[in-house]
Structures are given as structure tokens and as C-alpha cells.
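The values are calculated or read from the model by the stated rules, or taken from the named source; none is laboratory data. Predicted, not measured: the structure shown is a model, and the values here were computed from it. Neighbour counts are summed over all protein chains in view; Cβ atoms, including those assigned to glycine, are modelled from backbone coordinates with ideal geometry.
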Amino acid sequence: MNILEVNDLRIYYKTMKGIVKAVDGIDFFVEKGKSVGLAGESGCGKTTFGLSLLKLLPTNGMIESGKVYFEGRDIYPLDEKEFRVNVRWKEISMIFQGAMNAMNPVFKVEDQIAEAIKLHDRTVKRRDALEQSRNLLKIVDIDPMMGSHYPHEFSGGMRQRAMIAMALACNPQLIIADEPTTALDVIVQKQLMDLLRRLKQDLDLSLMVISHDISVLAELCDYLYIMYAGRIAEWGEIEEIFESPIHHYTHGLISTFPTVQDEERLKKFIFIPGAPPNLLDPPLGCRFHPRCPAATEICKREPPPEITKISDKHYVACHHPRGLKG
Amino acid sequence: MTEESLIRVRKLRKLFPVRRNFLSSLLSSEELHIHAVDRVSFDIKDNEVLGLVGESGCGKTTLGRLLIRLIEPTSGDIYFRDTNITQLSQKEMKAFRPKMQIIFQDPYESLNPRMTILDLVGEPLEINDLIESEADKLEQVSKILELVRLMPAEEYVFRYPHELSGGQRQRIAVARALILHPDFVVADEPVSMLDTSTRGEILNLMMELKGLTRSYLFITHELAVARHFCDRIAIMYLGRIMEMASSDEIVKNPIHPYTKALIEATPVPDPSSRKDKISIKGEVISPINPPRRCRFYTRCLYGKDVCSRLEPELIDVGGGHLVACHLDNS
């Protein structure tokens, strides 16, 4: 069963220079109890997509079209109050990018978590909310005594754990983690990934992980979506995507990651030529064509076909899929 | 070591004083210092790429800046070939500067937004009086721009940094560092701000242009990148070098428990090889007046009594593999 289903979502930003089509027709699913990764480079629209699921877009961001179903219920038509009471944090919560700045520096950590609890259930007494927030800290491996400290007294890894505790405050079913480990050192990153995996198991959570680092997603996710310039290029079961990437962008992205384990030293690093496009004025046709090794005339003229099925759990949008005729 | 060393570092130390308010300075007379780099000794060979790998706050950037004397050491010596550059006056140092250059981490911050590419890349030449005329400057700058693949150069020379992508900006930073044909270049996390798809391009470029310099110190927090880019790797933890060996050796036969943990923690882009818990505990201790013992003691799973009393020295365990750990010596 799908806990989250997104159909043909389009989100545009109105800016002084014109309209930025940050998300341009995305279909997306999260199966209950699974974790789904969303990979893409900076500026491809992945954070916008994550924020839109919680209706937290900046004021110039408009939802042009599309439907978002949570457990079969269309959640976009809900008004702000209903959304806040019934969906945001109650059902879907988020771990924001940059734990350094996501917390309020002048409140104690336990108070900030308690605030989230009280905001969604006014009947909870302050003392109970505090007790609950200390429990949450324990779940994420922070000594509950530390709750009475301020965010600046926490290390980067602890702050990120506290963010996770805050996301868990109202027992949501789906957590969106936006770059949960970026800017953390590898050892802290590894410990956080272990924590997220454990929580997903113990609390039967569904996860959506947004990251530019596909090696992090490879460790965490069951499914992987590859996003490029506001669109989904390829998605499928993570093992299959890594084993036989079909879109040239996916293939390039996976190859650019050197691994420690390689037997031989690489003579050359692999890269994708060029830079990601400006979404104010994306290339015509397939948006990846200026950087694609297999691009032909048709790629310059026509957008790629609708996302098509390769196998039961593998879909791609490309004129010339790798390893397939077309 | 039989090969000639380009840089020799001996017991290099950099302490940063910790500022305290008036009241607490009355209550305690103990002076507090951040031990950013603490009695570090190593060599960089001629024609070698040495990787300096460590987590944030371990002192790797400080060490890089010390080597080219962007900041002054507290004590210790740095020899550039046969000259002890820590003893030079600022004026004498100026003659050495063209031989040592740096590529900074963030190409969005390190390039002056008001200068054209021509002025940015030509600045090192101007400072060192190496140009005869404007035409000469244009020619030299164009030449290096073509080498860093900003072609045709005429299209770039009169543009400003904001008109370029991150990868292109970092190529400007590389051109600035290499235009003087230095002997030694410190590259401080040169690709960490770039998109993953484009960083390989910069790394390849730095490799190809190695002919314009002799040795690199490549500072990074990513062991995977260092493993492929560098000849040798030094692992740094809290101001000390813990292990140092050829990049093949350090990845295949790590000895120090910290190096092992780093390798285990490095994510692999392959969902079929997920790893379990890593062998490390706790968090990094404060670098302010660290105790005189193994700095990794509180996080090490194999710590012994001696580790809590004595600070291990970096010693050769054979074949140029250096380790600072008591466990190995027993």
C-alpha cells in the first residue's frame, strides 16, 4: 500500500527574473514502511518538492497543479488550520537541512520539542509534554538530562539527533529527511544513518530521504528516485538502479562516486560535463541533452517520453535508454 | 626515505588562545589554548601528492595554512628544500611566496566579485612583477585559462566571477594558483563545494596540470577522494597525525583504530554492501588543553592502560608506514 502518492505535481516560483519551474510534473510514491530516496544536484528542485508535501513553501512558491494523497486522502485542498491540526507533524514531519540553524537558539532543546507536542494537542499538560520530550531524546540516544541545555551546547551530531526527536514528537507515519547528514563528519553520519534505520524498524516509519549524496541513499533506502532539473529521470528499486542504471544521468551520477574499496587507484575521475541547467530557462527537449553522451537530434527537439516501465520496479524517462533499444 | 623531500615539517605547533571573560580569568590562572596543530612532523616528497584527511576541527586547514606561512606557527620548523621558512622575515618570505600557492575551498568566497577574470588570474603576476605590459598580462592569463579549459580565453577574460558556474570558478582558482608555476600547492578541500557530477572534472584537471607544479598537499575530509587522488595519505585527529602511508597501503592495511573506523564509516555507493555498526564510541573531545595521552583514547574500543598515560609517537612500522598507536607496538 502507498502511504504517499503524488500525481503530476508542478511548483513554480515567481521571481523578478521570471518563473522558475522548480518542480515540473512529478509522480512519486512512498510504500508504507519503506524508505525512498530522492537524489539530485543542487538546484534541481528536490528540497522544494519536500517542503511542498508539508505546505511549507516560501510565499512566492505556487502549487500550479497536481495532487498529493496521504493514505488515500487528498491533502492539498485542506485549509491551513486543518492541515496543521491533522497532517503537518501529526502524519508527516520533516528533518530540516542544516541542524545548526533549524533550532531556536534561545530556547532549551526539551522545551522546543515539548512545544511541538503542545501545539498539536492543547490538552497536554506542560509537565507531560516535557516528560515526553525527554523520552524522545532517549530514543535518539541523547541523555535526557541534556534536554535542559541550549542548542549551541550540542555538537553537530547531537543537534541532528534532537531534530530527529522533534520530528518524532507527534508520532508521525512519514518522515521527510532533507539532507540529514550533509555537513556532518563521516563517523557521525554513519551513526545517524544507523539511528534512522533503527527508528524506521522500531517505530514502523516510512521515510523519504532527500540528498545529493547517492552513497548515503544507497545505505538507507529501498527505492531511489533520480531528479534532474525539476523532473524525475528514473526511479526504481535501489539495487536495480545501482546495478543497471538506464538513464544516462543516473549512470553518470553513480560513476562519479569514487569508492574507498576499489582495488586499483583510479587513473581518472569520472564526471558529467557541463553544469546543471538554470531552471529559469531550461534547455528545450530533454533537459539533460546538453550534458548527455547519447543525445541526438530528437533529444534537442522533444521532451523525453512519459516515464515508462522497464520492469515492475524500474521506470525511466529517456529517448535513448542505456542497454535498451530505442 | 631516499627520495628528496620538498617540504620537511618538524614538531610544528599552533595554539590559538581561548578568549575568556574577565571574571573567569580571575578565578583561574590556567591559560587555555586550542591545540589546533600539536607537534606534527612529516615530509612531503618532491613530486608527490600528499593527502591530509581528517574530520572537521582536526586542524587540517590550520596545518595547510601554516605550511605556506599564511599564519605563524607557535613553535616548530618548516623547511622548504634547505631553507627554514619559519626563520625568514616577511621581506625574505616574499621571495618564497611565488613557490608556494593555495587553492581555497569555496570558489564563491575566494574570488573578489569586483575583479574581472583577467585581473584575478593576473594578480599573482602583478604582485611579483612578472609582467611587462598589459598585452603581456593578457597573453599569460589567456595561456593558463586555456590550460584550465576555459576556452576560448577571450570569452572569459573580461567576465566577472558571478557569471561563471561553481566548477568554472574553481578552475579560475586553480589557474591563479598555478600561473606562477609554484613548487608546492596547498589544495584545501578544492571540490567540497561543487556538485558531485562536476567535481571529477576539477580533480582530473589538477592531475593533468601537475607538470606546472611539483607537489600538492591535498586537504580533504573524504577518504575515497584522497585514496584515488593522492600518492600518500596522512590521517589527522585532534591536531596530531595518527597514521601515514601510501594511499593503497592505508586503505588495505589500516593499523590505527581511528583509520579503521574512518574506512568503515565511509559510505559506499552500492546498496548491496551495507555495513553494520562501526567500531568507535563517543564523540571527539575538546581540543582545548587536551590531556597528555593518546587523543583517541576516549573513543577507542581497544584502549589499554598505557594509552591513558602516554602519548604515542608516530613511528615507522616498516615500509614507510607510520603509525602513532601503542597497540601496535606491543
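Worth pointing out:
- Any pair with Cβ under 8 angstrom, 6 or more apart, that starts in region B:141-158 at a residue that is free of Cβ contacts under 8 Å to residues at least 12 places away in the same chain and ends at one that is surrounded by 20 or more Cβ atoms within 10 Å (Cβ to Cβ): B:Lys143/B:Ala153; B:Glu146/B:Ala153; B:Met151/B:Leu145
- Only one of B:Ser286, B:Ser279, B:Ser273, B:Ser247 that is among the hydroxyl-bearing types (Ser, Thr, Tyr) and within 30 Å of B:Ile179 (Cα to Cα): B:Ser247
- Residue that is farthest from the other protein chains (Cβ to nearest Cβ) [pool: residues in region A:176-228 that are part of a strand (DSSP E or B) and closer than 30 Å to B:Thr259 by Cα]: A:Asp178
- For region A:38-66, a residue qualifies if it is acidic (Asp, Glu) and farther than 26 Å from A:Ile238 by Cα, and exactly one does: A:Glu64.
- In region A:122-142, the residues that are over 28 Å from the mean Cα position of the chain (by Cα) and not hydrophobic (A, V, I, L, M, F, W, C): A:Arg122, A:Thr123, A:Lys125, A:Arg126, A:Arg127, A:Asp128, A:Glu131
- Restricting A:Ala162, A:Ala129 to those that are buried (at least 17 other Cβ atoms within 10 Å of the Cβ), in a helix (DSSP H, G or I) and in contact with a Phe, Trp or Tyr (Cβ under 8 Å, 6 or more places away or on another chain) reduces the list to A:Ala162.
- Highlighted here are the strands (runs of 3 or more DSSP E) found entirely within region B:201-246 that include at least 2 residues which are more than 13 Å from chain A (Cβ to nearest Cβ) and of a type in the set (A, V, I, L, M): B:215-220, B:240-246.
- Screening B:Glu163 with (1) surrounded by fewer than 24 Cβ atoms within 10 Å (Cβ to Cβ); (2) closer than 21 Å to B:Asp119 by Cα; (3) touching a residue at least 40 places away in the same chain (Cβ under 8 Å) gives one miss only, at (3).
Residue-by-condition table, conditions (1) in contact with a Phe, Trp or Tyr (Cβ under 7 Å, 6 or more places away or on another chain); (2) at positive phi; (3) β-branched (Val, Ile, Thr):
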| position | (1), (2), (3) |
| --- | --- |
| B:Leu23 | no, no, no |
| B:Asn47 | no, yes, no |
| B:Leu70 | no, no, no |
| B:Ile85 | yes, no, yes |
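- Tallying residues that are assigned to a helix (DSSP H, G or I), in contact with a Gly (Cβ under 6 Å, 6 or more places away or on another chain) and small (Gly, Ala, Ser) within region A:41-81 yields 0.
Here is a yes/no grid of residues against (1) surrounded by 19 or more Cβ atoms within 10 Å (Cβ to Cβ); (2) in contact (Cβ under 8 Å) with a residue 40 or more places away in the chain; (3) within 19 Å of the chain's Cα centre (by Cα):
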residue	(1), (2), (3)
B:Gly59	yes, yes, yes
B:Ile85	yes, no, yes
B:Met93	no, no, no
B:Thr116	no, yes, no
B:Glu123	no, yes, no
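- Residue within region B:244-262 that is buried (at least 20 other Cβ atoms within 10 Å of the Cβ) and in contact with a His (Cβ under 6 Å, 6 or more places away or on another chain) present: yes
- Any chance B:Ser272 is within 13 Å of chain A (Cβ to nearest Cβ), assigned to a loop (DSSP other than H, G, I, E, B) and either surrounded by fewer than 22 Cβ atoms within 10 Å (Cβ to Cβ) or in contact (Cβ under 8 Å) with a residue 60 or more places away in the chain (or both): no
- Of all residues in region B:151-160, those satisfying the criterion of being over 12 Å from B:Thr116 (Cβ atoms) and either within 11 Å of chain A (Cβ to nearest Cβ) or not charged (D, E, K, R) (or both) are B:Met151, B:Pro152, B:Ala153.
- Which numbered condition A:Val20 misses (of (1) crowded, with 16+ Cβ neighbours inside 10 Å; (2) assigned by TED's automatic domain parsing to the domain that holds A:Met158; (3) not small (Gly, Ala, Ser)): (2)
- Scanning region A:1-18 for residues that are at positive phi and in contact with a Ser or Thr (Cβ under 9 Å, 6 or more places away or on another chain) turns up just one, A:Asp8.
- Filter pass, B:Ser279 being farther than 16 Å from B:Arg240 by Cα and outside any loop (DSSP other than H, G, I, E, B): no
Residues checked against (1) assigned by TED's automatic domain parsing to the domain that holds A:Lys17; (2) among the acidic types (Asp, Glu):
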| site | (1), (2) |
| --- | --- |
| A:Tyr223 | yes, no |
| A:Glu240 | yes, yes |
| A:Val260 | yes, no |
| A:Arg287 | no, no |
| A:Cys292 | no, no |
| A:Lys300 | no, no |
